[in-house]
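> Below you will find the structure I want to go over with you.
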Amino acid sequence: MSNYHIKHLEEYFQVYRKSVQHPEAFWEEIAEEHFVWRSKWDRVLSWDFTKPEVKWFEGAELNITENCLDRHLPTKRNSTAIIFEPNDPQEEAQHITYGQLHERVCRMANVLKESGINKGDRVCVYLPMIPELAYTVLACARIGAIHSVVFAGFSSNALAARINDCDCKMVVTSDGSFRGNKIIDLKGIVDAALEDCPGVEKVLVAKRTGGKITMKKNRDYWLKPLLNDAYADNDAERMKAEDPLFILYTSGSTGKPKGMVHTSGGYMVYTAYTFKNVFQYREGDVYWCTADIGWITGHSYIIYGPLANGATTVMFEGVPSYPDYGRFWAVVEKHKVNQFYTAPTAIRALAKENLEYVEKYDLSSLKVLGSVGEPINEEAWHWYNNNIGHGKSPIVDTWWQTETGGIMITPLPYVTPTTPTYATLPFIGIQPALMDEEGNEIMGIQVDGRLCIKFPWPSMARTIWGDHERYRDTYFTAYKNNYFTGDGALRDEVGYYRITGRVDDVIIVSGHNLGTAPIEDSINEHPAVAESAIVGFPHDIKGNALYGFVILKEIGEARDRDNLRKEINQQITEHIGPIAKLDKIQFVPGLPKTRSGKIMRRILRKIASKDTENLGDISTLLNPEVVKEIMDNTL
Ligand code: WT7
């Protein structure tokens with residue numbers, strides 16, 4: 001019991017030491033005392049980062065939904081598991097108890113089974129933030145189907161690519177979705193996607209907006225009548241600890257999105273344990289993470305982590321600006337939220353608005369504030385601390401990734417003294433290392449380098465769906481025997497970590513991870529475009545925005561530039577989604593390249609950021625003359 005809830009700094013150091021000196025004994029104790037298993041493991045951990053292969057709790061059997069639902073029933077049948085807060089504040093919120101959630105998940109599990117979904121099958125979930133999303137995810141886990149949730153802001157092309165990559169047999173979606181004052185035709189997007197997805201046999205459709213849609217015969221079925229007819233109980237499937245639980249796609253710096261595969265046992269243990277400590281969750285608290293379940297933050301810290309702890313977790317359908325910029329704070333007051341977890345981009349957007357939007361509301365229930373998704377800048381940190389936390393709710397700046405499954409570097413509130421912009425200390429069991437460009441570990445303090453993790457942790461992704469080689473190449477080859485995160489970081493004089501940002505070609509825009517390659521591919525498909533390069537540049541609200549340098553073909557040269565810009569962004573919206581649109585598009589005669597033909601993004605980044613005083617040596621470029629030309633015409 002003692003190690004599960006850490007309450008002061010000395011205890012943190014003590015538990016941390018134990019967790020790295022005796023990782024297996026440490027995690028075994030946590031797993032044994034706080035979860036229900038159908039059978040115990042033969043081995044706590046086996047690993048080899050060269051293959052790479054990592055297995056936690058091998059031989060054990062469990063079902064994560066028994067840990068999230070069934071085991072709470074004797075004590076929590078009538079306690080709230082999920083508070084659903086709709087997009088429209090006039091619509092009543094739903095308080096879904098553990099008893100109700102259990103029943104609805106069981107019904108949904110039976111519907112999936114009767115629709116032909118078996119253990120190991122992939123189910124694509126393309127739903128807005130409505131309760132059916134939580135039911136579907138948990139129902140998949142209950143029958144051992146692998147869920148692949150696709151954020152319902154992705155375009156039909158992006159959806160089709162994800163459906164096909166892991167051969168989903170089914171899509172669960174809704175007629176439409178509400179986002180602020182907009183209604184989005186989700187079913188129409190699914191229909192368009194499925195023209196290219198021959199493997200999908202069935203589509204289940206939840207009713208949300210009541211919009212007009214078409215239902216394809218023998219393929220599309222309304223969910224509601226199926227749920228009503230289904231049995232209200234379902235025996236959870238026995239799953240092996242290392243069976244895949246879900247696939248979640250994340251952008252890579254090159255090529256198609258990577259389907260990160262997470263498994264059951266270790267993921268459950270780590271997300272539950274981090275949730276408890278990073279948010280200092282106490283019985284009866286109301287916790288709210290504003291992320292969408294389409295991202296890892298929603299998987300780990302709206303669904304699995306909170307529910308494994310028997311917590312009350314808020315699911316918010318709307319956006320921070322609707323009906324006005326006070327919505328977040330209205331919801332905090334309404335549901336007396338104790339822990340609030342959001343992204344720096346949302347904080348920056350709200351900080352720009354009149355403080356009256358905040359001051360109208362009683363925020364005194366708040367005890368912990370969280371931040372995730374990108375580095376939080378000092379100004380946003382102070383605004384959050386002063387105006388939302390009133391200097392008394394610690395801010396946990398949590399660094400982690402889709403690949404890590406759970407929070408990796410973070411303060412523990414009321415335990416770790418915080419410093420703005422610092423994610424501070426590794427979580428229990430996490431062994432970070434900073435590396436130089438030659439691959440040597442940089443020891444000591446006041447140093448910076450590339451952030452790696454030296455030792456496995458229970459919730460790490462085990463592979464990329466269908467491409468283990470890419471998994472190895474992306475994460476385990478740059479630094480021998482280490483997991484490479486793709487981020488840079490520094491360690492200060494007290495050993496705190498500060499994440500400085502990506503060191504690869506991934507750009508984080510409004511907290512969304514975007515790879516440059518797929519966007520460039522999309523632009524290059526435009527008939528007037530010859531070649532392009534994308535870089536990020538600093539943006540007040542989004543953190544980074546996208547700047548495109550585009551070389552036109554001859555037919556493009558004759559065209560109206562503003563129209564071309566519109567068409568290019570339209571094309572990106574269709575291929576990827578509106579989140580990948582470019583803020584600026586500069587038409588250029590050429591791109592700076594090395595002699596081996598590689599685009600020098602470093603130079604383009606400086607130009608886009610208007611930071612051209614120190615461009616470095618450009619004389620070794622293939623075409624140094626183009627740099628001045630680009631600089632003279634920056635937007
Ligand atoms: C990348 C991972 C994991 C949740 C959402 C993002 C950046 C994430 C922080 C933070 C600085 C952060 C990193 C990381 N990032 N949190 N607290 N401070 N940077 O997941 O889409 O997989 O993106 O987000 O660059 O590598 P993701």
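The values are calculated or read from the model by the stated rules, or taken from the named source; none is laboratory data. Since the model is a prediction, treat every value here as computed from it, not as a measurement. Cβ atoms come from the backbone with ideal geometry, glycine included; neighbour counts cover every protein chain shown.
> If a residue has to be assigned to a strand (DSSP E or B) and either within 9 Å of the ligand (Cβ to nearest atom) or crowded, with 22+ Cβ neighbours inside 10 Å (or both) to count, how many in the range 499-513 make the cut?
Of the residues in that region, 9 qualify.
> Pick out, from the range 39-158, the helices (runs of 4 or more DSSP H) lying fully within it that include 2 or more residues that are buried (at least 21 other Cβ atoms within 10 Å of the Cβ), in contact with a Lys or Arg (Cβ under 9 Å, 6 or more places away or on another chain) and at pLDDT 95 or above.
Hits in the range 39-158: 64-68, 98-114, 131-143.
> May I pose another question? Given the residues 541, 555, which is the only one that is surrounded by 16 or more Cβ atoms within 10 Å (Cβ to Cβ) and of a type outside the set (Asp, Glu)?
Only one candidate qualifies: 541.
> With the structure loaded, tell me whether residue 543 is within 30 Å of residue 379 (Cβ to Cβ), small (Gly, Ala, Ser) and at pLDDT below 95 or whether it fails that test.
yes
> Further question: Give me the residue from the range 327-347 that is part of a helix (DSSP H, G or I) and within 16 Å of the ligand (Cβ to nearest atom) and, out of that set, modelled with the lowest pLDDT.
Ranking the candidates gives 345 first.
> Another one. In the range 461-498, how many are within 14 Å of the ligand (Cβ to nearest atom) and in contact with a Leu (Cβ under 9 Å, 6 or more places away or on another chain)?
So the answer is 11.
> Looking at residue 275, is it surrounded by fewer than 24 Cβ atoms within 10 Å (Cβ to Cβ) and of a type in the set (Phe, Trp, Tyr)?
When the stated conditions are applied, residue 275 does not pass them.
> Sticking with this one: Would you mind telling me which numbered condition in (1) in contact with a strand residue (DSSP E or B) (Cβ under 8 Å, 6 or more places away or on another chain); (2) without any contact (Cβ under 8 Å) to a residue 12 or more places away in the chain residue 547 fails?
(2)
> Given the conditions (1) in the same structural domain as residue 445 (by TED's automatic domain parsing); (2) away from the ligand (no atom under 16 Å from the Cβ), report the number of the one that residue 523 does not fulfil.
Only one criterion in (1) in the same structural domain as residue 445 (by TED's automatic domain parsing); (2) away from the ligand (no atom under 16 Å from the Cβ) is unmet by residue 523, namely (1).
> Same structure again: What number of residues within the range 420-431 satisfy the criterion of being surrounded by fewer than 20 Cβ atoms within 10 Å (Cβ to Cβ), polar (S, T, N, Q) and within 13 Å of the ligand (Cβ to nearest atom)?
1
Yes/no per residue for (1) buried (at least 21 other Cβ atoms within 10 Å of the Cβ); (2) at positive phi; (3) among the hydroxyl-bearing types (Ser, Thr, Tyr); (4) not assigned by TED's automatic domain parsing to the domain that holds residue 510:
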| site | (1), (2), (3), (4) |
| --- | --- |
| 330 | no, no, no, yes |
| 349 | no, no, no, yes |
| 358 | no, no, no, yes |
| 364 | no, no, yes, yes |
| 372 | yes, no, no, yes |
| 381 | yes, no, no, yes |
| 391 | no, yes, no, yes |
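> Turning to a different aspect of this structure: Having 3 or more residues that are within 29 Å of residue 189 (Cα to Cα) is the bar; report the helices (runs of 4 or more DSSP H) wholly within the range 538-635 that clear it.
561-575
> Follow-up. Only one residue in 271, 290 is β-branched (Val, Ile, Thr) and under 19 Å from residue 67 (Cβ atoms). Which one?
271
> Here's something else I'd like to know. Out of all the residues in the range 432-476, which are small (Gly, Ala, Ser), crowded, with 16+ Cβ neighbours inside 10 Å and part of a loop (DSSP other than H, G, I, E, B)?
Answer for the range 432-476, where residues must be small (Gly, Ala, Ser), crowded, with 16+ Cβ neighbours inside 10 Å and part of a loop (DSSP other than H, G, I, E, B): 459, 461.
> Next question. Quick check on the range 360-394: of everything there that is of a type in the set (Val, Ile, Thr) and either within 16 Å of the ligand (Cβ to nearest atom) or over 13 Å from residue 348 (Cα atoms) (or both), which residue is farthest from the chain's Cα centre (by Cα)?
For the range 360-394, the residue satisfying everything is 368.
> Shifting gears a bit: Across the range 395-416, which residue is nearest to residue 8 (Cα to Cα) among those that are in contact with a strand residue (DSSP E or B) (Cβ under 6 Å, 6 or more places away or on another chain) and more than 11 Å from the ligand (Cβ to nearest atom)?
Among those that are in contact with a strand residue (DSSP E or B) (Cβ under 6 Å, 6 or more places away or on another chain) and more than 11 Å from the ligand (Cβ to nearest atom), it is 416.
> Select from the range 348-369 the residues that are farther than 13 Å from residue 326 by Cβ, part of a loop (DSSP other than H, G, I, E, B) and at pLDDT below 95 and list them in ascending order.
352
> Now for a different question. Which of the residues that make up the range 377-431 are part of a strand (DSSP E or B) and either closer than 17 Å to residue 338 by Cα or of a type outside the set (S, T, N, Q) (or both)?
395, 396, 397, 399, 409, 426
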